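**Student:** Structure in structure tokens, see below.
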Amino acid sequence: QLSGRTVFPLNITLKEVSYQIDEVVIKPEKEKYTKKGNPAVELVSEIIDRKNNDNPFNNDYVSRDRYETYIVALDNFTEEKQQQAMFRKFPFLRDYVDTSKVSGKPILNVSSRELAATDYYQRRPLRQKQKVIGREWIGIEDFLPDEEVRAAVEATLRDIDLFNEKVLILRNEFVSPFADYATSYYKFYLQDTIVVEDERCVDLAFVPRNLQSFGFTGHLYVTVDSTHFVKWIQMNVPYDINLNFVEYMNVEQRFARDSEHPRLLIYECITAEFKLYDFIDGIYGRREVFYSGYRFNDEVDKEPFGHQEHIIENEDALHKDEEFWAQYRSNDNGTDGGKTKDVKEMIAKLRTIPIYYWTEQFVNLLFSGYIPVKEENTPFYIGPVNTMISYNGMEKIRLKFGGMTTAYLNPHLFGTAHLIYGIDDKRLKYSGRLEYSFKPKKEQWNEFPVHSLR
């Protein structure tokens, strides 16, 4: 379906799939759709009736391993754009140009994240924890123009459970194709039989009855055996709805099964293109998650549920080497994990150019308010910078200098100190604080949970 916002020439990426066509049916221009006696509706109704029984989270305890990659890029990074004044100083950027998996347009990856973790779920009372084994983030910080856009990208590229009644995207509730009333909200069509990873599946297409409603259009690939196992889901947001900042969005999920659990999510990919303003190109985002190692009930480690925080992070999670990440990237986990190395190389080159290096330092200073005494693992921060020079009626010009220690100096002991001098009253003031944290911190004293003596 093309809209007034479609960019021409239109690049279409094709994926090879084998279809066996028995007959061709020519339909009248005005479709007569009916639920009664429709085999597609009967099939999806059976899946919906069984969805709660097939839910692996019906178990008292569940844990699973997660490897996640997250790419954000500048969209439509064409040769013409590369010749603009702001990019001409960095000719090597063309070596890092990638291709959008949505539109086929050239993109420039500017931010990349990787996460290795284990997710933990407890059914009663409902609790969720995540134990982070490794985390890496590299990119151009604060390249998005404002906090609202940054939040929109984060909110769109996050976990989605399609077997819930509603799917929340940017504060909008989308009706799931597996909602109890989905057969009244969507039209379902049996397309044909195809082979998906050596299993014969029926292609079950669906589309909202009203294309301007908050639903999805897409395909469910369901095995033709008696279990009607949903093996693969491909869907997108209709073009005709108004979703803030989101120009296009695609969701893909793949499932596996074993003798005891008929529905285990093993892969999720969310790809989106964000249009910030009509007169400039937007942002491309892609998030892939690979799930493995499902464990249930007595197999699940209960130790994470004893922590107050939702995310439990190992002390060395931010300091994993390339050998650690290689074991995740090598397990046929797509290609986006490797983009982290490309972004690292690009940022390293950018920082060798003074105009970029000092601009980045200035932007970081505006947002954090502190100056690190060394680039990585700094033991001390100088600041806050915005109060170093101030003015009041008694002291007139007031000078303040000081800073605070970090966990890289000592993960339990933290100090903050300042010297203050008033130009008019010619008096020296000072303040200091020493704090002992009973729980080791990863970087700063005020990280949750706070359990300390001050």
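The values are calculated or read from the model by the stated rules, or taken from the named source; none is laboratory data. All values derive from a computational prediction rather than experimental measurement. Reconstructed Cβ throughout: ideal geometry from the backbone, glycine too, with neighbour counts over all protein chains shown. All accessible areas refer to the heavy atoms of the entire protein, side chains included, with ligands and DNA or RNA removed. Shrake-Rupley method; radii C 1.70, N 1.55, O 1.52, S 1.80 Å.
**Student:** I'd like to check one number: the per residue accessible area of the chain, probe 1.4 Å, reported in Å² as a whole number. Before the final figure, lay out the partial values.
**Tutor:** Details: 25620 Å² over 454 residues.
Heavy-atom accessible area per residue stands at 56 Å².
**Student:** How large is log10 of I(q)/I(0) for segment 360-454 at q = 0.16, 0.21, 0.25 Å⁻¹ when the intensity is taken from the Debye formula with one equal scatterer per alpha-carbon?
**Tutor:** -0.75, -1.03, -1.19
**Student:** Another question, then. Can you pull the one-decimal nm distance between simple spin-label points at VAL195 and ARG94, each 7 Å off the Cα toward Cβ?
**Tutor:** Placing both labels 7 Å along Cα→Cβ, they lie 4.3 nm apart.
**Student:** Over 29 Å between Cα atoms: which of LYS51/LYS187; LYS81/LYS374; LYS231/LYS275 fall into that group? Before the final figure, lay out each step's value.
**Tutor:** Working: LYS51/LYS187 19 Å; LYS81/LYS374 35 Å; LYS231/LYS275 32 Å.
Pairs exceeding 29 Å: LYS81/LYS374; LYS231/LYS275.
**Student:** Determine the calculated [θ] at 222 nm for the chain from helices alone, applying -39500 (n - 2.57) to every DSSP H run no shorter than 4 residues and normalising by the residue count; nearest 500 deg cm²/dmol.
**Tutor:** Details: 8 runs with 69 residues, N = 454.
The helix-only estimate for the chain comes to -4000 deg cm²/dmol at 222 nm.
**Student:** Name the residue farthest towards the positive end of the dipole of the chain from the options THR406, LEU453, GLY306, assuming +1 on Cβ of Lys and Arg, -1 on Cβ of Asp and Glu, about the Cα centre.
**Tutor:** Comparing the listed Cα positions along the dipole, LEU453 ranks first.
**Student:** I'd like the per residue volume of the convex hull spanned by the Cα atoms of segment 172-318, given in cubic angstrom. Don't jump to the answer; show the numbers that get you there.
**Tutor:** On the way: hull volume 29.6 nm³, N = 147.
Convex hull of Cα atoms, per residue: 201 Å³.
**Student:** So if R0 is 25 Å, what FRET efficiency would GLU154 and ALA326 give, r being the distance between their Cβ atoms, rounded to the nearest 0.05? Please list the in-between numbers first.
**Tutor:** Numbers: r = 27 Å, r/R0 = 1.09.
Step by step, r from the Cβ atoms, then E = 0.35.
**Student:** Given the peptides 157-166, 129-138, 370-379, arrange them by the average over their residues of other C-beta atoms within 10 Å, most packed first. Before the final figure, lay out the partial values.
**Tutor:** Working: 157-166: 15.8, 129-138: 18.2, 370-379: 13.3.
Ranking the peptides 157-166, 129-138, 370-379 by packing returns 129-138, 157-166, 370-379.
**Student:** Here's something else I'd like to know. Keeping the other protein chains in place, figure out the carbon and sulfur percent of the accessible area of segment 173-289, with a 1.4 Å probe.
**Tutor:** Numbers: 2120 of 4570 Å².
Answer for segment 173-289 is 46 percent, counting heavy atoms of protein chains only.
**Student:** Inverting the mean 1/r over all pairs of different Cα atoms, compute the Kirkwood radius of segment 93-242 and quote it in Å. Display every interim value, and only then the final one.
**Tutor:** Working: mean 1/r = 0.0530 Å⁻¹.
Hydrodynamic radius (Kirkwood, Cα pairs) of segment 93-242 is 18.9 Å.
**Student:** Calculate how steeply helix 339-350 sits against the longest principal axis of the alpha-carbon atoms of the chain, using the helix alpha-carbon long axis, and give the answer as 0 to 90 degrees to the nearest 10.
**Tutor:** The answer is roughly 40 degrees.
**Student:** Another question, if that's okay. What Kirkwood hydrodynamic radius, in Å, does the chain give when the mean of 1/r is taken over all pairs of distinct Cα atoms and then inverted?
**Tutor:** Details: mean 1/r = 0.0387 Å⁻¹.
It is 25.8 Å.
**Student:** Under the rule a/c < 1.5 gives rounded, and otherwise a/b versus b/c splits prolate from oblate, where does segment 50-129 land using the Cα gyration tensor? Mind showing how you got there, number by number?
**Tutor:** Values: a/c = 5.02, a/b = 3.05, b/c = 1.65.
It comes out prolate by the Cα gyration axes.
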